[in-house]
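The numbers here are math on the coordinates, done by the rules we state, and not lab data. Bear in mind the structure is a predicted one, so any value in this text is a computation, not a measurement. Glycine also receives a Cβ, built like all others from the backbone with ideal geometry; neighbour counts cover every protein chain displayed.
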Amino acid sequence: MSRLSDITDGLDRAAQWSEVTVVGGYIFGALLEPGVEIERIELALVVAEPPEVVPWMARPARLEALAELLRLPKLPVSWWWRPADWPVWNHTISRAVRFWSAGGRDQRALDGLSSGRLEGVAVDAPADSGEFAAQLLVELNAARGHLAAVTESFYDRDWRRECRGGEYPESHLWSAAAAFLELDDAVQHLED
């Protein structure tokens with residue numbers, strides 16, 4: 001919980017910068033399960049960015065720079081960017097608890113996470129299987145578009161130059177392909 005508190009403090013500081021678009025911080029995964037050994041904190045950071053900028057598994061350089069400032073790569077933390085226009089949940093994030101918003105920390109959520117008691121804490125999850133399936137299709141289409149854009153730009157010098165200081169172009173291509181395959185697999189399993 002001390003690491004989560006450090007991340008919350010960092011988000012509070014970052015929210016004061018005009019170019020920062022993070023509007024929500026969510027915890028998901030093992031930290032929401034009672035009695036589970038926690039190896040890594042899993043975060044979903046919601047940003048006021050168009051979905052085509054942050055489709056599943058995308059790592060835009062300026063957002064990754066914020067992750068560096070928050071020291072996320074140095075902590076046992078995994079993070080994903082989520083657009084504010086979409087729900088925080090998807091095929092990987094089955095349920096999530098918001099611990100921070102642009103208005104500041106959610107002390108009730110932090111206390112609930114610390115005690116392992118989530119009664120009275122809002123948990124974001126799909127309302128039903130129809131809502132879940134519809135969102136997966138939206139994200140699959142966005143992932144397909146992102147993969148096409150990365151593939152098309154892969155040998156473009158300007159695009160490759162933009163990648164400097166962040167992820168390598170090959171990493172962007174791998175992430176775009178992996179995200180598309182993950183989402184395609186999740187959609188295929190809906191039909192089972």
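Can you check how the C-alpha radius of gyration of the chain compares to 2.2 N^0.38 Å, as a plain ratio? Walk me through the numbers before you get to the answer.
Values: Rg = 16.9 Å, N = 192, 2.2 N^0.38 = 16.2 Å.
Against the compact-globule rule of thumb, the ratio is 1.04.
Quickly rank 120-129, 136-145, 31-40 as a protection proxy: mean count of other C-beta atoms within 10 Å, highest first. Can you show the working numbers first?
On the way: 120-129: 12.9, 136-145: 18.2, 31-40: 11.4.
With the highest mean Cβ count within 10 Å placed first, the list reads 136-145, 120-129, 31-40.
Mean residue ellipticity, 222 nm, helices only, the chain: the sum of -39500 (n - 2.57) across DSSP H runs of n ≥ 4, divided by residue count and rounded to 500, is -14000 deg cm²/dmol. A viscosity of 0.890 mPa s and a temperature of 25 °C, combined with the Kirkwood radius over C-alpha pairs in the Stokes-Einstein formula, give segment 129-190 a diffusion coefficient of 196 µm²/s.
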